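Working notes, structure below.
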Amino acid sequence: MTSLVMLRTESTGDGLAPFDPGRHMRQVADLVAQVFASELDTRGRSALRDMHLAGALAPFLGGMVSLALFNEALAGYVWIKRGRVVGNVTLQSLDVAGARWRISNVAVAPEHRGQGIARSLMQASLRDIAERGGNWAVLQVRADNVVARGLYASLGFTDVCREGIWRLPAPATCRPDPAIPLEPLHVGVGSAWLELARAARPALAQWAEPLNPAEYTMTLRRWTGEALGRLTGLYRVERWAVWQDNVLMGAVETQANRLEDSDALRFAVRPAARGRLETTLVARGLAALAYNGFRPVVVEHSGDHAEGVAALEAAGFRIQRDLVTMRRAVMADDLRL
């Protein structure tokens, strides 16, 4: 299969080809926009705008675009048909050593699906990772994309974890359980907050996406920013916690930013307390966000935390994005794909 693809590439220009940002960027951006338009969040849309800008500049800057935007940590392949990009896959190193690689933007134009293009792109990616000495390939796929999940499973990928984005479009009526003692989570307990987050997140999920300690550390700069935000009314953060025997069992954080179109909420519950705290934490967070009128609320949370998902749905949240992370060990045999 590989030899036929490469022969066709050399003779006609069609088939598999390494991604060249100077030549392919604009068409890849158009393809990604076509295939993933309904799935892109704010960060995704921002990245797509950057791709379109780079594609527009490529004819004038040529190789400078590659030099400025891409390096050995980012690679990929395209599938060309009649001179047009109809398939794409992106590879990105996830660590300095190059042991783990993320496969993303696996896209095939709708009119060219069912022709084995996605499989060929994936095989080329696995071969590339093996050539670079990588040990693992990691990707994310929509939970309801049965065809793509079947393809990845047939190539040896297995599920690691599930992550979701939930959105509350209308005010909620849930209330905290008065029997559960909630108290403000003070800025000086960052280590307990980080430890709770680690305890609440499955080990494989942390392997796939390690927690960032900076998100749980209250620096002087962060404290000052939150104080100024509260003073001006533009930005307000609240944190509430449940303690038991000096152990942080659950916590919720809310962020209300008047410059954004929605507020944010995140919560964590220690495994030993699951099923008891989720509804109260979500309700307390929503109460904190309601101080200045209702705005849509967005929550990023583990889809594997069944009790947390149930609490969100009971409060009126609806799933906006449901992703499964999958991984596969890369082996020497992949060099022959």
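Of all the residues that make up the range 289-337, how many are assigned to a loop (DSSP other than H, G, I, E, B) and not small (Gly, Ala, Ser)? Qualifying residue count, the range 289-337: 9.
Residue-by-condition table, conditions (1) acidic (Asp, Glu); (2) in contact with a Phe, Trp or Tyr (Cβ under 9 Å, 6 or more places away or on another chain); (3) farther than 15 Å from residue 171 by Cβ:
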| position | (1), (2), (3) |
| --- | --- |
| 289 | no, no, no |
| 295 | no, no, no |
| 300 | yes, yes, yes |
| 310 | no, no, yes |
| 316 | no, no, no |
| 323 | no, no, yes |
| 326 | no, yes, yes |
| 330 | no, yes, yes |
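Within the option set 300, 278, being surrounded by 21 or more Cβ atoms within 10 Å (Cβ to Cβ), closer than 23 Å to residue 209 by Cβ and of a type in the set (D, E, K, R) holds for one residue only, 278.
Of all the numbered requirements in (1) in contact (Cβ under 8 Å) with a residue 24 or more places away in the chain; (2) of a type in the set (A, V, I, L, M); (3) over 20 Å from residue 34 (Cβ atoms), residue 85 misses one, and that requirement is (3). Out of all the residues in the range 286-297, is one or more open to solvent by 10 Å² or more (accessible area, probe 1.4 Å), of a type in the set (Phe, Trp, Tyr) and modelled with pLDDT of 95 or more? For the range 286-297, residues open to solvent by 10 Å² or more (accessible area, probe 1.4 Å), of a type in the set (Phe, Trp, Tyr) and modelled with pLDDT of 95 or more: absent.
Just to verify a result, which residue in the range 215-234, among those that are closer than 20 Å to residue 251 by Cα and surrounded by 14 or more Cβ atoms within 10 Å (Cβ to Cβ), is nearest to the chain's Cα centre (by Cα)?
For the range 215-234, the residue satisfying everything is 216.
Please indicate, with yes or no, whether at least one residue in the range 68-82 is in a helix (DSSP H, G or I) and modelled with pLDDT under 90. Among the residues of the range 68-82, at least one is in a helix (DSSP H, G or I) and modelled with pLDDT under 90, which makes the answer yes. Determine whether the range 195-209 contains at least one residue that is polar (S, T, N, Q), modelled with pLDDT under 95 and closer than 30 Å to residue 158 by Cα. Yes: one or more hits.
Answer yes or no: is there a residue in the range 189-199 that is surrounded by 14 or more Cβ atoms within 10 Å (Cβ to Cβ) and under 28 Å from residue 330 (Cβ atoms). Yes, because at least one residue in the range 189-199 is surrounded by 14 or more Cβ atoms within 10 Å (Cβ to Cβ) and under 28 Å from residue 330 (Cβ atoms). Given the structure, is residue 325 farther than 24 Å from residue 159 by Cα and either at pLDDT 95 or above or touching a Cys at 6+ places or on another chain (Cβ under 8 Å) (or both)? Considered against the rule, which asks whether it is farther than 24 Å from residue 159 by Cα and either at pLDDT 95 or above or touching a Cys at 6+ places or on another chain (Cβ under 8 Å) (or both), residue 325 comes out as no.
Examine the range 89-108 for a residue that is open to solvent by 10 Å² or more (accessible area, probe 1.4 Å), free of Cβ contacts under 8 Å to residues at least 40 places away in the same chain, part of a helix (DSSP H, G or I) and among the charged types (D, E, K, R), and state whether such a residue exists. Checked against the condition, which is being open to solvent by 10 Å² or more (accessible area, probe 1.4 Å), free of Cβ contacts under 8 Å to residues at least 40 places away in the same chain, part of a helix (DSSP H, G or I) and among the charged types (D, E, K, R), the range 89-108 yields no hits at all.
The values are calculated or read from the model by the stated rules, or taken from the named source; none is laboratory data. These numbers come from a predicted model, not from an experiment. No Cβ is skipped: glycine too gets one built from the backbone with ideal geometry, and neighbour counts run over all protein chains shown. Calculation scope for accessible area: heavy atoms of the full protein, side chains included, ligands and nucleic acids excluded. Shrake-Rupley method; radii C 1.70, N 1.55, O 1.52, S 1.80 Å.
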